[in-house]
Amino acid sequence: MPPIDDRTAGTAPGRFAYDGLERVFHEKARLGIMTSLVSRPRGIAFAELKELCHLTDGNLSRHLQVLHDSGFVEIEKGLHRNRPLTVCRITDDGRKRFLDYINVLESVVRDALKAARVEPTSPAIAEGWSPA
């Protein structure tokens with residue numbers, strides 16, 4: 001990505017559109033789930049993931065279903081010591097797409113910081129405008 005010219009920061013058409021932001025990740029709970037899963041590629045037990053993300057059983061189940069339906073998460077149900085155990089794992093595609101998403105988020109932060117340092121060269125609101 002080319003550097004921003006401070007004189008024209010934010011003025012290029014579509015400069016701040018960020019096509020790489022995936023809506024499925026761009027939700028607080030799913031962001032937490034994916035961050036937890038990307039750090040543990042072998043998987044995390046449902047109960048541990050629930051605690052890490054501070055979610056209820058129902059909320060976690062629903063968000064995992066959205067991520068599973070998108071192909072980003074695998075959900076495996078089984079038994080461990082004769083007790084039910086659900087293990088959640090990030091898929092290879094989920095890992096790649098989430099890391100791409102994080103890279104776009106980093107560019108959003110960089111662009112926002114650069115844009116905040118630029119003094120505006122023209123007023124944001126047309127002269128003569130007044131509130132109703």
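Please treat every number below as a calculation from the coordinates, not as lab data. Remember, it's a predicted structure, so these values are computed and weren't measured experimentally. For neighbour counting, all protein chains shown are included, and Cβ atoms are generated from backbone atoms with ideal geometry for every residue, glycine included.
Hey, got a sec? Which chymotrypsin sites (Phe, Trp or Tyr not before Pro) in the range 13-96 land in a DSSP loop and have at most 15 other Cβ atoms within 10 Å?
Qualifying residues, ordered by number: Phe16, Tyr18.
Which residues' amide hydrogens lie under 5 Å from the amide hydrogen of Glu74, considering only partners 5 or more residues apart or on another chain, with H built in the peptide plane?
Those lying under 5 Å, H to H, from Glu74 are Arg89, Ile90, Thr91.
What distance in nm separates the simple spin-label points at Ser61 and Arg40, each placed 7 Å from Cα in the Cβ direction?
Simple spin-label model gives 2.0 nm for this pair.
Kindly state, to the nearest 0.05, the FRET efficiency for Asn103 paired with Ser130, given R0 = 35 Å and r defined as their beta-carbon distance.
Computed FRET efficiency for Asn103 and Ser130: 0.25.
If R0 is 22 Å, what FRET efficiency do you get for Leu113 and Arg23 from their C-beta distance, rounded to 0.05?
Computed FRET efficiency for Leu113 and Arg23: 0.40.
In 10 Å bins starting at 0, how do the alpha-carbon pair distances of the range 28-112 split up by percent?
17, 49, 26, 7, 2, 0
Multiply the residue gap between Glu74 and Asp92 by 0.36 nm, knock off their C-alpha separation, and tell me the result in nm, one decimal place.
Net length gain for the segment: 5.5 nm.
What's the local net charge at Cys53, with K and R +1, D and E -1, over the other residues with C-beta under 12 Å away?
Residues near Cys53 contribute -1 overall.
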